[in-house]
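Enquirer: This is the structure I have questions about; it appears just below.
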Amino acid sequence: MTTRTLYPAERGNLRLSFEYFPPKTDEMEVQLFQTVADLSVFDPAFVTVTYGAGGSTKARSLTTVRRMIGEMGIGNTAAHLTCVGAPKAEVDAVIEEFLAFGVRHFVALRGDPQGGIGSAYQPFPGGYENAAALVKALRARGDFEISVSAYPEKHPESPDVAADIDMLKRKVDNGATRAITQFFFDNDDFERYLEQVRRAGVQVPIVPGILPINNLAQVQRFAGLCGARVPEAVISRLSHLEDQPTERFKEATHIAAEQIVDLARRGVRDFHLYTMNRSPLVTAVCDLVGFERMPVQETAVELPIRASA
């Protein structure tokens, strides 16, 4: 299938953001910062850095955010924050560290249960009960951006869609300014969800999360854990290309680009891409859609230099 790029006027009204995760090794660190530099040519509205369940990547998240803002000059870096497995005082201390680094945008999440996805969630004694409580605590600290999560196919722990949307409304009522969705592949699911959200009185931007498929089996595992669905139409386009990396890359590029173009034609203007800390596929998707690259002199991002041990 051929993806028709957007007209210039349409492209000019679209905004991108990218998600990254903290690196676990020196090699992964090099890859992360190279990816950030590569994708900076698309002038993202903001970028986000994840924060592991129960704060499992807290130190790495703090370091990554500090370097992206302080060394790479990416002032629009948003810090993920969870409240699982920690008392309020510990979470508050992390908030203060992020603020000291210059963070002015948080992605406030409850986080996965400490026992792992699928286990029962229990608020930590003396901790923030959920993401709505965390949003309220953040908002009390100042007037900055607070993004939260949304689930077009329902959070796997929610009893029904109505309860899911009620939680989103609580987060917005407490001060959230934007919601970023879990990845999905069926745009009808997103449009149906957006209609329900608007009927519930939630008017903040609902930004679709787009996941270009580098590895089909991995994405299917992710989807199974988070309650998302990989349509058979997507599986059939990629599954027979496992031993043809070039063709698989092209097809994955088209799948993600087609999803973005279709959403844009339905009126969506903001897109959050889950990069998996790799730039080639995301770059190919953005180019195929027709997102403009900024002049090199305007997007030069210096890679941080690792200090000697």
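Enquirer: With a 1.4 Å probe and every protein chain kept in, tell me what percent of the accessible surface of the range 156-309 is carbon plus sulfur.
Expert: After summing per-atom areas, the C and S share lands at 51 percent.
Enquirer: In the range 196-212, which residues have a backbone nitrogen under 15 Å from the label point lying 7 Å from LYS169's Cα in the Cα-to-Cβ direction?
Expert: From the range 196-212, the list is 196-204.
Enquirer: Hey, with R₀ at 25 Å, roughly what FRET efficiency would ALA59 and LEU303 work out to, going by the Cβ-Cβ distance, to 0.05?
Expert: Numbers: r = 21 Å, r/R0 = 0.84.
My answer for the efficiency is 0.75.
Enquirer: Two decimals is fine: what is log10 I(q)/I(0) at q = 0.19, 0.28 Å⁻¹ for the range 13-73, from a Debye sum with one equal scatterer on every Cα and no solvent?
Expert: Calculated log10 I(q)/I(0) at the listed q: -0.70, -1.30.
Enquirer: Further question: Kindly state, to the nearest 0.05, the FRET efficiency for HIS240 paired with GLU71, given R0 = 35 Å and r defined as their beta-carbon distance. Walk me through the numbers before you get to the answer.
Expert: Numbers: r = 44 Å, r/R0 = 1.25.
Given R0 = 35 Å and the Cβ-Cβ separation, E is 0.20.
Enquirer: Which whole-Hz ³J(HN,Hα) couplings does the range 59-70 yield from phi under the Karplus relation 6.51 cos²θ - 1.76 cosθ + 1.60, θ = phi - 60°, glycine and proline marked x?
Expert: Per residue, the Karplus-derived 3J(HN,Hα) values read 4, 5, 5, 4, 5, 5, 4, 4, 6, 5, 7, x Hz.
Enquirer: Let me ask you something else. Amide H of TYR128: which non-local residues (sequence gap of 5 or more, or other chain) have their own amide H closer than 5 Å, using H built in the peptide plane?
Expert: LYS88
Enquirer: Further question: Using only the Cα atoms, what convex hull volume per residue in Å³ does the range 14-289 have?
Expert: 127
Enquirer: Rolling a 1.4 Å sphere over the protein heavy atoms, what is the accessible area per residue of the range 14-289, to the nearest Å²?
Expert: Value for the range 14-289: 42 Å² per residue.
Enquirer: If each residue of separation counts as 0.36 nm, what is the full-extension length gain between LYS250 and ARG293 once their alpha-carbon separation is subtracted?
Expert: My answer for the length gained is 13.5 nm.
Enquirer: Any idea what the relative contact order of the chain is, in percent, if you count C-alpha pairs under 8 Å spaced at least 6 apart?
Expert: On the way: 518 pairs, mean separation 74.0, N = 309.
Relative contact order here is 24 percent.
Enquirer: Just to be sure I follow the definition: excluding the sites themselves, where is the longest run in the chain that has none of the chymotrypsin sites (Phe, Trp or Tyr not before Pro) in a DSSP loop with at most 16 other Cβ atoms within 10 Å?
Expert: Longest stretch, sites excluded: 145-309.
Enquirer: Using only Cα atoms, figure out Rg for the range 61-190 and give it as a multiple of 2.2 N^0.38 Å. Show your work: numbers first, answer last.
Expert: On the way: Rg = 15.1 Å, N = 130, 2.2 N^0.38 = 14.0 Å.
In units of the globular-protein estimate, the range 61-190 measures up at 1.08.
Enquirer: Also, I was wondering about something else. Between VAL30 and ASN215, how high is the FRET efficiency from 1/(1 + (r/R0)^6) when r is the Cβ-Cβ distance and R₀ = 22 Å? Nearest 0.05.
Expert: Calculated value: 0.60.
Enquirer: Using the Karplus curve 6.51 cos²θ - 1.76 cosθ + 1.60 with θ = phi - 60°, what ³J(HN,Hα) values do you get for each residue of the range 188-205, in whole Hz, with x for Gly and Pro?
Expert: 5, 4, 5, 5, 4, 5, 4, 4, 5, 4, 5, 5, 7, x, 8, 10, 5, x
Enquirer: For GLU90, put the label point 7 Å out on the Cα→Cβ axis and report which residues of the range 17-41 keep their amide N under 11 Å from it.
Expert: Hits in the range 17-41 for GLU90 at 11 Å: none.
Enquirer: Under a 5 Å amide H to amide H cut-off, with H placed in plane at 1.01 Å, what residues pair with PHE21 once short-range neighbours are removed?
Expert: Correct list: THR50, ASN277.
The values are calculated or read from the model by the stated rules, or taken from the named source; none is laboratory data. It should be emphasised that the depicted structure is a prediction, and the values quoted were computed from it without experimental measurement. Please note: Cβ atoms are built from the backbone with ideal geometry, for glycine as well, and neighbour counts cover all protein chains shown. Heavy atoms of the whole protein, side chains included, go into the accessibility calculation; ligands, DNA and RNA do not. Shrake-Rupley method; radii C 1.70, N 1.55, O 1.52, S 1.80 Å.
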